[in-house]
1. Which value, in debye to the nearest 20, gives the size of the charge dipole of the stretch B:151-248 about its Cα centre, when Lys and Arg are +1 and Asp and Glu are -1 at the Cβ?
2. Label-to-label distances across copies for A:Q178, with labels 7 Å out along Cα→Cβ, in nm, shortest first?
3. May I ask you to derive the FRET efficiency for B:A66 and A:T149 from their Cβ-Cβ distance with R0 = 56 Å, giving the value to the nearest 0.05?
4. Of the residues B:E152, B:E133, B:E124, which exhibits the maximal mean-square fluctuation in a Gaussian network model of chain B defined by a 10 Å Cα contact cut-off?
5. When you count, for each residue, the other Cβ atoms within 10 Å and take the mean per peptide, how do B:280-291, A:91-102 rank with the highest first?
6. Which whole-number percent gives the relative contact order of the stretch B:285-369, counting Cα pairs below 8 Å spaced six or more residues apart?
7. Give the shape of the stretch B:142-292 as rounded, prolate or oblate, defined through the alpha-carbon gyration tensor: a ≥ b ≥ c are the square roots of its eigenvalues, a/c under 1.5 means rounded, and otherwise the shape is prolate if a/b is larger than b/c and oblate if not.
8. Between the stretch A:71-148 and the stretch B:124-148, what's the alpha-carbon centroid distance in Å?
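Any read-out appearing in this document is the output of simple, stated calculations on the displayed coordinates, not a laboratory observation. Because the structure is predicted, anything quoted here is derived from the model rather than measured. For neighbour counting, all protein chains shown are included, and Cβ atoms are generated from backbone atoms with ideal geometry for every residue, glycine included.
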Number of protein chains: 2
Amino acid sequence: MATIDDFYSIIPAGGAGSRLWPLSRADAPKFLHDLTGSGKTLLRATFDRLSPLTGAGRTMVVTGRAHRAAVEAQIPELEDANIVLEADPRDSTVAIALAAAVLRRREPDVIVGSFAADHVIHDERAFRRAVTEAVTAARAGYIAAIGITPTEPAIGFGYIRAGEPAGVEGAPNAALVQQFVEKPSAQVARRYVEEGDYLWNAGMFIARADVLLEELAKEEPALSAQIEELAAVWDEPGRRGPAVDRLWPQLKKIAIDYSVAEPAAARGRMVVVPGDFDWDDVGDFSAVAKLHNNGRRGRLAILGSQGTVIADSASGIVVSQSNRIISVVGIHDVVVVDTPDALLVTTTDNAQRVKQVVDAVRRSGNADAL
Amino acid sequence: MATIDDFYSIIPAGGAGSRLWPLSRADAPKFLHDLTGSGKTLLRATFDRLSPLTGAGRTMVVTGRAHRAAVEAQIPELEDANIVLEADPRDSTVAIALAAAVLRRREPDVIVGSFAADHVIHDERAFRRAVTEAVTAARAGYIAAIGITPTEPAIGFGYIRAGEPAGVEGAPNAALVQQFVEKPSAQVARRYVEEGDYLWNAGMFIARADVLLEELAKEEPALSAQIEELAAVWDEPGRRGPAVDRLWPQLKKIAIDYSVAEPAAARGRMVVVPGDFDWDDVGDFSAVAKLHNNGRRGRLAILGSQGTVIADSASGIVVSQSNRIISVVGIHDVVVVDTPDALLVTTTDNAQRVKQVVDAVRRSGNADAL
């Protein structure tokens, strides 16, 4: 499969992944960890997954100033011009639209695709096939989402309802988006999977940069103007700083789903391309355990090998980040995350509750461990 | 209650307490820990429980050479002459009989009582009442055990079956021991408790030193002779060392139950005095949790306060010996023992299996963590 000449990928690398605490931290967020045991961080794996599509040097990473060094260490080949540093996190619209606006000034006809830095995909061929089709639809003027064919009635993801075929030449599977729906109840999720025209919203959006920015301008004109103002001076180091200082604090925090995708769908500008590949946002330790145990219960996965793990009648996952001996006896579906300054003990069934623990840690005056 | 002039207590302070790993270690065994939250180690609490009975300066501690400094730190008032240091552990007969033989050379008519360094008793008045009665029976020539009135059909203890009253003046509750029985099955334990004449064997033996040694000589003449040979030179520093070097490696490892108590019972020389007090040998983390939660389930006890413990829907016990944040979410009857170099995660139901973990740690080449 050839690279796509006019395509540029954007990787927003933010988000603490608080349900993965104490592995994921403010200073070492989820995308900087190897959660799959592949030997690569999720960020590096995302970068490597995209390079065959875009060609070398055509990926832009948007991240916080605090993560600059870590990102550069992960992707030494990343040029300075391809790192957008956020003064502070402003949600996905700013991250993606600012990158798109900067890229459009460099390349007016560029097609951009945004891909989270911390998702897991193994079937890269099928991934590339879907992206290539989405780029074709984007070239025709649509904003294309990639929707994952559900393998189970998951309640942790939003869904995209596919409507009529869009009739784009070279993108036979692209369908007009009928509706975006929020995370459903278990009952509703079962219905979605049965009906067959609902796909998981994996947050992958591919569009011509000008189309994306035009849609944003319709829905959020003030934010759009601020982003364009920043983009206009972004490649002039002397003018960028003052503009960031002045404009950044005013930037609205809004997810791109609300500022662009849903309004564009309502205007008939949005298509979805079904992605027939495995995909996981690895949102909690239950997902991490599942990835490592290949979905089979009854096994004990060990992530990290700093210490010695001794298990007796135990299953689930042990994350070993200290050099201690960890012994787990007689607990099934356990989650043990052992780091130098914090320990989490729970079960996969309670993995979603870890977020509340993070809040409690903050309230306990131990925010430095977050 | 007055002190008993001719009484001397012996505290064998040994035993790694491997079911309490990684809290209890070779270099910090169970008796050096405060398992009750009283602020005192079990050894210190045992010493303090006995002092009102014996009077000051009349307690002898038998321990390993490695623990000398720790024992002295716990009991600064302990005179050198009252520490018997074992070259290596030789089981309870050597520990108790050697102390008794040394004391008899100093005080021919002394009555000795042996009390484990790592048991927990709260009702000290009832304890002193039972010991006082046992001393009276001992003065009459019997070896007296204190048997604990069972509160439940425990399967973790041996039992003593009480027979006919011994008819000792001043010791109205002392009964001839009909039988010692090993740890029973649950069914047998229930029968014992129903029948009412079975008491828990708490390993507390009170006897005239000469009677104890005489009974030992009948059953284990070789061991008895070696112990007497050691005792003869014990208080002569120049001669003690060579005797220990020569004799210690030959000393038979045998529990005093087999070398003295059971044979003496068969000869009608053994009585049991019922002890109507709470008693626990705190054999595993389930017992530690029970002690702290006052037997109530559904609570989470926290032992040690080095770190911050954050719990959500958790019960059981957390032992915090590192300065880390420990978060426990959604696990009931959990046992988390967090130490600087080793972590244990299990449940109270599996507490007995910790012993096997210790074996596995040894096999894994991490014996320095034991």
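1. Details: 9 positive and 17 negative charges, 62 e Å.
Magnitude of the dipole: close to 300 debye.
2. Copy-to-copy label distances for A:Q178: 8.3 nm.
3. On the way: r = 64 Å, r/R0 = 1.15.
Using R0 = 56 Å, I get an efficiency of 0.30.
4. In this elastic network of chain B, the residue with the biggest mean-square fluctuation among B:E152, B:E133, B:E124 is B:E152.
5. Values: B:280-291: 22.2, A:91-102: 24.8.
In decreasing order of mean packing, B:280-291, A:91-102 become A:91-102, B:280-291.
6. Working: 159 pairs, mean separation 18.6, N = 85.
With pairs under 8 Å counted, the relative contact order is 22 percent.
7. prolate
8. The distance from the Cα centre of the stretch A:71-148 to that of the stretch B:124-148 comes to 82 Å.
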